[in-house]
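Asker: Before anything else, here's the structure in question.
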Amino acid sequence: MAKKTDTAPVSLFIPRSYLTTEGNKTGSWRFLRPCYEEKTAPCGAACPAAEDIGKIEMLATQGLFKDAWETILRENPFPGVCGRVCFHPCEDACNRGSFDEAIAIHVLERFLANTARRGAFKPEMERLARKEKKIAVIGAGPAGLSAAYFLALLGYRADVFEAADEAGGVLRWGIPLYRLPLPILQEEIRRIEELGVRIQTGRTLSERDVHALAGEYDALFIACGHGRPAELGVPGEKSEEVQDGLSFLRQVREGTVSVCSGRAAVIGGGNAAIDVARSVIRLGGEAMIIYRRRRRDMPAFGEEIAMALDEGVELRELLAPVSIKSSDGGLAVEVRPMKVAGTDADGRAHVEPEGKQTEEIRIDRLFTAVGERAGEAWYEPTETGDGILRLSHCVMERKTGGLFVYGGDLTNATKSVAHAVASGKEGSMALDTLFAEGIEAVRPRLAACRVGQDGSLSMEIYMGGPRRNRSPHVVTYDEINAAYFQFAPRLRQPRLLREERVRTFEEVNLRISANLAIREAERCFNCGLCNQCDNCYLFCPDLAVKKDSGPLGRHIDYDYCKGCGVCAVECPRNALILEEEAYEEGD
Amino acid sequence: MKKVIEGSQAVAEAVRLARVNVISAYPITPQTHIVETLSVFCSDGTLDARFLKVESEHSALAALIGASSSGVRTFTATSSQGLALMHELLHWTSAARLPIVMAEVNRALGPGWNIWTDQTDSLAQRDTGWIQLYCEDGQETLDTTLQAFYLAEQVNLPVMVVLDAFFLSHTYEPVDIPEQEAVDRFLPPFAPRFQLDTANPCAFGSLVTPDAYMEMRRSIAAGMEAALDLLTEVEERFAGIFGRRWAAVEPVRCDDAEIILVTSGTVTSTCRELIDNLREQGEKVGLLKVKLFRPFPVEEIRRVLAPARKVAVIDRNFSFGASGIFAQEIRAALCNTPGHPPVFGFIAGIGGRDVTKDVLEGIYRRTVESDRPEREDIWIGLKEVPDAPEHP
Amino acid sequence: MRLNIPEQDYMYSGHVGCPGCGAAIAMKFFLKAMGEKTIIVLPACCWSIIAGPYPQSTLQVPLIHSAFEAGGAVASGVRAALDAKGDRETVVVTWAGDGGTFDIGFQALSGAVERNEDFIYVCYDNEAYMNTGIQRSSATPYGAWTTTTPGAQWKRARKKNIVEALAAHRIPYAATASIAFPEDLVRKVKKARETQGSRFLHIYTTCPTGWRMPSETSIKVARMAVETAIFPLYEVTDGVHYTINYTPRGFPVSEYLKLQGRFRHLTDDDLEHIQEMVNEDWQLLLRKAGEGA
């Protein structure tokens, strides 16, 4: 019989629990293991310059505009330019487009460049150590300037030789001011020079000069572009009243043409044709575009076409020129109607003449804008040979005279600024790899920097940045958990009114506020990236997602994670994967 | 201060003096006067307690489990059906080692509905780990209720203070109601050994595997054993302050008794008179009043009863398929004592039927006439039962 | 980073809830919103086990296990004791499953609410007696398989509307909430915390084990219940003022039902019937909120 003494209290053993359950390592239950794995967003894969767009928008959402801008600069020295003139394939690939409307990436890029300009941001760029080798870049267009830029980041000395009085190429002499104001371009070129790149203008080089340079420099990057207009191939095109559109645009940029009254017709369907027509309007004339296919087949940007029509440019579709004759102080263009008969290999309409009837159009002047060719033979690489390495955006040729890399419009299938940037980047990577590891290493090393399936390469990955850890899997819309997003209209780019536009070469697109920019950036899914939305942390039934100070701000505590998979499903942007848990024998 | 009050009111006065913090109860005849009196005390501020008028007895005890676990002194009262409804939680209370005090008015269980006194309700709960103390009169009821709080809080086991329906609950007697100051000396403020506390969070009542459960049950048993010892201390402590004492058992004229009658509750009062009458006639008879039923005072029972030639237990209760419950317990207490007397078990007063002196004398005489009991349970005063009418 | 959801947790890892357990997620959010001055009364339910075996406790707040039917009563007692001790800061919470609320615990809940006891009663609803092996309760929805409504005997009684039953008590505050809508849930918990008298929260918590669905869809199914208007998010104050907190996107009920094996046996006619019932209930709710025709 238990006796209670004065000192000892009565026995009291009850179920009173105060030890933590953390001694129970429920991670042993798991047969699937979630891991954070950032993946590739379709926008970055579609961008020829492989801009890390998902990341850029994420930083913009957080108001970290300088960081966002620097993220662009890592892959593209021309945010201000591209934010105005790029054909934004990123937006066509944007997953948000399958939800409501694609993100206005183009507008946001421009906003970031403007913000950098207004705030006089000084970028903090990652640069490799100085190297001994030096490269000569021929042509200060977007390809050449990009090559110089990336070579400088990689530690090389880059000297650029430009025939014209000012650098910029088609950016300076081709694209009209109302699309790309001069100070924007000049500032971006200046930033390239601040890296130590030397640009010599007014230096027209002959083939012999080039060979001399090839001996002096460790490599040459030839980016002379296309200087010679393609021909229509119709009688009368050589007359005086017929002018090549690009040379006209150059005259406008040089200031040697300030008026262009009367009726002008432009033959062609690309951006150059549109640029010419809209410039004519601003110079006081009337403009008509004559195109052999339909509006939807025109390679020019849809917005540009729409604005041109809005400004009073007339569009005559499905008409091909037959002949050009002088007539009453002007010109008479004979055109034949065309009809659609199937599809070409490139997906555009295949057209054939319709009937024998032709039409005569009377105009005061005619511009042609049907394409370009290389100005000199030495601009282009040799067709075949042992020393030739064909990459996606450039061609490397080892000749006895030296090491040549050809890039830009000369080698790109698609002729755009973004592709030009890609070309300069690829060329710089190819040269750096060749110098460091030899020719055999070039393809694999570049392949490791690929973003997506096409030829977009990332300099950040090349330089060993965190982007290299991302999975190459490109996130599709059905991998996004759209339950976490509300329908929201896409930002509309504010523009000058039509009445204001047609009187001036002032930039058509107006600025947007930071407020609107952030709101638009918030619409971005950030496909494949972790933006620390905390869904995984919130929904984990086992509190196995722990916050930390690492780059993602969290990690999974595998001691307790039961592998339920809720985190992976509720991640709106597919930044997690579930993989089979690997067990040892006897587990 | 002496007042003429009902047994119910005596309970209520004790609860008031004990400074109970939380009361939770559901009305059932014949406990109602207890809860009504307490309601008035709470309403007029005589007692600073929260009184939860819950919607069933099960909830009444559940509420007290919550309150007692939060470290305050608690009280409830019930009877019969209500106690039966509480059954699950009676087990819970003792296993949770909560010092809850309950006044249990012994009343018959239905069907048929019967509001009069019968001990089956409280005794049917004998396995639940509650200390059970049976009272004879109003004074004992008040005193026992006060002692119940003290005892419960010493051993961390709940205590049931049992009183007969109507014969005690509704009978007016002179009762000395102590002064608050004296009670405060007897009964210190409740100092819980554990409680729900946000400053010291823990979980009470978790899943317990066979690895530890057995030891927890042993601990309850140890608490009961301690209660047995402690009752003597409580008796002394109480006597020292109030001058009255109530022991686990009270032998009356047993020293040389050949036959000892064993009773509990109000039947004891009637039996005292009979013992005196029989002694005057030269009968060697004694009476053992059993107050403490749980823990069962085995040693005391043996000490008093072993020397007798016969023992006759009067049970106002019955365990179907067995026998009267006090008789069962006494037989068990005596079985290991060599040469112990036979125990006659008499069943009387079921469902409130009156147990008069004549009934008790009849029991005595029958005991005298037989050497051994002819059966384990002898029902006294049964009438002829009419045949059930045939269904049409 | 969610600004409306407090960071501090009051719950440990290492508990034995099933993978994807909705009840564990609910408790996590609840405690974040409640803070440490909370005492939990826990009648028999899944959480009785998830709370940890002796001597472990999953929670960092005081907890008392209670008998199955006694949740509302034990909480009343705890509250009375705290008042007696002068503690008006600590909030008493009953954390019960659907069984201990809708069925066996209903009496004690109704009694406590009728007395307007000052506590929060939370029913986390996984729509069956899950802890004992997926048996039906009055919270089991029409159409569901359970181990006691198997095969052709699938449950044909409609789910009891517990919030309506409590609104009839003129309870100061009652609300539905869902683990898929954490900010709404946290807001309601905080509101309940600040309200006096009886407060009731009906939290929809998925049970991958009992509903026969993959654990990773735990939140998705919870969201779909709200979006199909099967489990609307709304609040009732004083039993009369209804506020609908979220307009469902209006997906057909089949989008919700098809995610769970417990509804696999339903025919198109059954689905149609369920859709009608849901539409009817939604219209009724709209009228109560003063929004319906």
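Asker: Using the Karplus equation 6.51 cos²θ - 1.76 cosθ + 1.60 (θ = phi - 60°), what ³J(HN,Hα) coupling, rounded to whole Hz, does each residue of the range B:216-229 give in order, writing x for Gly and Pro?
Answerer: 5, 5, 4, 5, 4, 4, 5, x, 4, 4, 5, 4, 4, 5
Asker: Mean separation of Cα pairs under 8 Å and 6+ residues apart, divided by the residue count of chain A: what relative contact order is that in percent? Show your work: numbers first, answer last.
Answerer: Numbers: 1196 pairs, mean separation 132.2, N = 587.
With pairs under 8 Å counted, the relative contact order is 23 percent.
Asker: Let me ask something else. Quick one: angle between helix A:105-118 and the longest Cα principal axis of chain A, in degrees between 0 and 90, rounded to 10, please.
Answerer: 90
Asker: Let me ask another. Can you give me the distance in nm between label points at C:Asp238 and A:Asp386, each placed 7 Å from the Cα along the Cα-to-Cβ direction?
Answerer: If labels sit at C:Asp238 and A:Asp386, their model points lie 9.7 nm apart.
Asker: In whole percent, what relative contact order does the range C:137-192 give with Cα contacts below 8 Å and a gap of six or more residues?
Answerer: Details: 43 pairs, mean separation 13.0, N = 56.
Contact order relative to length: 23 percent.
Asker: So what are the ³J(HN,Hα) numbers for the range B:26-36, from phi and the Karplus equation (6.51, -1.76, 1.60; θ = phi - 60°), rounded to whole Hz, Gly and Pro as x?
Answerer: 3J(HN,Hα) across the range B:26-36, in whole Hz: 10, x, 8, 4, x, 8, 3, 5, 5, 5, 5.
Asker: Just to confirm a number: summing +1 for Lys and Arg and -1 for Asp and Glu over residues other than B:Val101 whose beta-carbon lies under 12 angstrom from that of B:Val101, what do you get?
Answerer: Numbers: positive: B:Arg73; negative: B:Glu104, B:Glu153.
So the environment of B:Val101 carries a net charge of -1.
Asker: Another one. Once you have the Cα-Cα distance between A:Val259 and A:Asp209, take 0.36 nm times their residue separation minus that, and quote the gain in nm to one decimal.
Answerer: On the way: separation 50, 0.36 × 50 = 18.00 nm, distance 3.86 nm.
Stretched fully, the A:Val259-A:Asp209 segment lengthens by 14.1 nm.
Asker: Another question, then. Under 1.5 on a/c is rounded, so check that first for the range A:99-176, then, if it is not, pick prolate when a/b is larger than b/c and oblate when it is not; a ≥ b ≥ c are the square roots of the alpha carbon gyration tensor eigenvalues. Provide the component values of the computation, followed by the final result.
Answerer: Numbers: a/c = 2.20, a/b = 1.43, b/c = 1.54.
It is oblate, given that a/c is not under 1.5 and a/b is not larger than b/c.
Asker: For a quick size check, give me the Cα extents of chain B along its three principal axes, largest first, whole Å.
Answerer: Between the extreme Cα coordinates on each principal axis of chain B lie 68, 62, 53 Å.
Asker: By a straight-distance test (C-alpha under 17 Å), which aspartates and glutamates pair with B:Lys2 as possible cross-link partners, with residues fewer than eight away in the same chain excluded?
Answerer: B:Glu13, B:Asp137, B:Glu140, B:Asp143, B:Glu173, B:Asp176, B:Glu179, B:Glu181
Asker: Would any residue of the range A:473-490 have its amide N under 20 Å from a label point 7 Å out along Cα→Cβ of C:Ala289? List them or say none.
Answerer: The answer is A:484-487, whose backbone nitrogens lie closer than 20 Å to the label point.
Asker: Let me ask something else about it. Quick check on the range C:153-208: take the gyration tensor over C-alpha atoms, sort the square-rooted eigenvalues as a ≥ b ≥ c, and tell me if it's rounded (a/c under 1.5), prolate or oblate. Please list the in-between numbers first.
Answerer: Numbers: a/c = 3.91, a/b = 1.33, b/c = 2.94.
Verdict is oblate for the range C:153-208.
Asker: Right, here's the next one. Considering amide H positions built from the backbone, and no H for Pro or chain starts, which residues 5 or more places from C:Thr38, or on another chain, come under 5 Å of its amide H?
Answerer: Long-range HN contacts for C:Thr38: C:Val91.
Asker: On C-alpha positions alone, give me the angle between the axis of helix B:357-369 and the longest principal axis of chain B, in degrees, nearest 10.
Answerer: 60
Asker: Output the relative contact order of the range A:229-371, whole-number percent, from Cα pairs under 8 angstrom with separation of 6+ residues.
Answerer: 30
Asker: Could you tell me which GluC sites (Glu not before Pro) in the range B:142-244 are loop residues by DSSP with no more than 15 other beta carbons within 10 angstrom of their beta carbon?
Answerer: On the way: sites: B:Glu153, B:Glu179, B:Glu181, B:Glu215, B:Glu225, B:Glu233, B:Glu235, B:Glu236; in loops: B:Glu179.
Loop-located and lightly packed - B:Glu179.
Asker: Ratio of the protein assembly as shown's C-alpha Rg to 2.2 N^0.38 Å, to two decimals? Intermediate values should be presented prior to the final figure.
Answerer: Details: Rg = 46.9 Å, N = 1272, 2.2 N^0.38 = 33.3 Å.
With N residues counted in the protein assembly as shown, Rg over 2.2 N^0.38 Å equals 1.41.
Asker: What distance in nm lies between label points placed 7 Å from Cα along the C-beta direction at A:Trp29 and A:Asp165?
Answerer: My value for the distance between the label points is 7.8 nm.
Asker: Of the cross-linked pairs C:Lys37/C:Lys160; C:Lys159/C:Lys288; C:Lys28/C:Lys160; A:Lys25/C:Lys32; A:Lys55/A:Lys425, which ones have a Cα-Cα span greater than 29 Å in the structure shown?
Answerer: On the way: C:Lys37/C:Lys160 32 Å; C:Lys159/C:Lys288 19 Å; C:Lys28/C:Lys160 26 Å; A:Lys25/C:Lys32 23 Å; A:Lys55/A:Lys425 20 Å.
Going by Cα-Cα distance, C:Lys37/C:Lys160 fall outside the 29 Å limit.
Asker: Okay, next question. Mind running the shape call on the range C:1-115? Use the C-alpha gyration tensor, a ≥ b ≥ c as the square roots of the eigenvalues: rounded below 1.5 for a/c, prolate if a/b tops b/c, oblate otherwise. Provide the component values of the computation, followed by the final result.
Answerer: On the way: a/c = 1.68, a/b = 1.23, b/c = 1.36.
Judged from the Cα gyration tensor, the range C:1-115 comes out oblate (a/c at least 1.5, b/c at or above a/b).
Asker: Under a straight-distance cross-link criterion of Cα-Cα below 25 Å, which lysines are reachable from A:Lys325, leaving out those fewer than 8 residues away in the same chain?
Answerer: A:Lys238, A:Lys339, A:Lys356
Asker: Under a Cβ-Cβ cut-off of 9 Å, what is the net charge of the residues other than A:Tyr149 that fall near it, where Lys and Arg count +1 and Asp and Glu count -1?
Answerer: On the way: positive: A:Arg191, A:Lys425; negative: none.
Surrounding charge for A:Tyr149 is +2.
Asker: Say R0 is 22 Å: what FRET efficiency, to the nearest 0.05, do C:Asp268 and A:Ala483 get from their beta-carbon distance? Walk me through the intermediate numbers first.
Answerer: Numbers: r = 26 Å, r/R0 = 1.18.
With R0 = 22 Å, the Cβ-Cβ based efficiency is 0.25.
Asker: Set the Förster radius R0 to 60 Å, insert the Cβ-Cβ distance between A:Asp100 and A:Ala377 as r into 1/(1 + (r/R0)^6), and round the FRET efficiency to 0.05.
Answerer: Details: r = 51 Å, r/R0 = 0.85.
FRET efficiency, A:Asp100 to A:Ala377: 0.75.
Asker: Oh, and also: With everything on Cα atoms, drop me the angle between helix A:207-216 and the longest principal axis of chain A, reported from 0 to 90° to the nearest 10.
Answerer: 30
Every number in this text was worked out from the coordinates using simple rules, so none of it is lab data. Note that the structure is predicted; figures quoted are calculated from it, not measured. We place every Cβ from the backbone using ideal geometry, glycine too, and count neighbours over all the protein chains shown.
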